[in-house]
Amino acid sequence: MIREVLRMGDPRLLQVSEPVTAFGTPELLGLLQDMRDTMDALDGAGIAAPQIGVLQRVVIFGSEQNPRYPDAEPVPFTVLCNPVIVPLSDALEDGWEGCLSVPGLRGVVPRWKDVRYSGYDQFGMPFEREVTGFHARVVQHECDHLDGILYPCRIRDISQFGFTDVLFPDQDIADD
Ligand code: NI
């Protein structure tokens, strides 16, 4: 079921979410289905459970060809619960980000370029990956939501923050 996405200003987006303690349950699988339906309906590259008002440490992400990020390399669809992210070097990379909770806007955000992330799938199976670039960016953005951090909080140069259609008038980027 497509759920309403909370927008910046809602205090629930600033909360620290609780770890998942029971895997494979109808509640968790239903939550994940709603997250998937909502993300797909809005062409999101990812979504975190608190964005639909559920304060659990659950994110999903992935995109083959995303109209909101036409230049991004593909990221496999991933369910990630109770994530831990470790940077693999000191390297930071700037990149444009948007967020379904901050519709119509984009900003340049520094992120770790290379990270290892670990966590559990919806059935409690642990896994870890080493990733770089856009994949690393998406994971860091989604996991920030679990700690109540929205990307505008991480923008260093506020002159690189604005409305998508004004920033990129020649590109057909879907207005979220
Ligand atoms: Ni977001």
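The values are calculated or read from the model by the stated rules, or taken from the named source; none is laboratory data. The shown structure was predicted, so the numbers you read here are calculated from the model rather than taken from an experiment. Because the Cβ atoms are built from the backbone with ideal geometry, glycine has one as well, and the counts that use them run over all protein chains shown. Side chains are part of the model used for accessible areas, which takes the heavy atoms of the whole protein and leaves out ligands, DNA and RNA. Shrake-Rupley method; radii C 1.70, N 1.55, O 1.52, S 1.80 Å.
General remarks:
- Residues satisfying the stated conditions in the stretch 71-96, i.e. part of a loop (DSSP other than H, G, I, E, B) and of a type in the set (Asp, Glu): 71, 73, 90
- From the options 1, 8, residue that is over 15 Å from the mean Cα position of the chain (by Cα) and part of a loop (DSSP other than H, G, I, E, B): 1
- Boolean, residue 147 is at pLDDT 95 or above, within 14 Å of the ligand (Cβ to nearest atom), under 30 Å from residue 27 (Cα atoms) and acidic (Asp, Glu): yes
- Boolean, residue 92 is away from the ligand (no atom under 13 Å from the Cβ) and either open to solvent by 20 Å² or more (accessible area, probe 1.4 Å) or over 24 Å from residue 38 (Cα atoms) (or both): yes
- Only one of the numbered conditions (1) crowded, with 16+ Cβ neighbours inside 10 Å; (2) of a type in the set (A, V, I, L, M); (3) out of contact with any Gly (no Cβ under 6 Å at 6 or more places or on another chain) is violated by residue 84, and that is (1).
- Of all the criteria given as (1) part of a strand (DSSP E or B); (2) open to solvent by 20 Å² or more (accessible area, probe 1.4 Å), the one not satisfied by residue 115 is (2).
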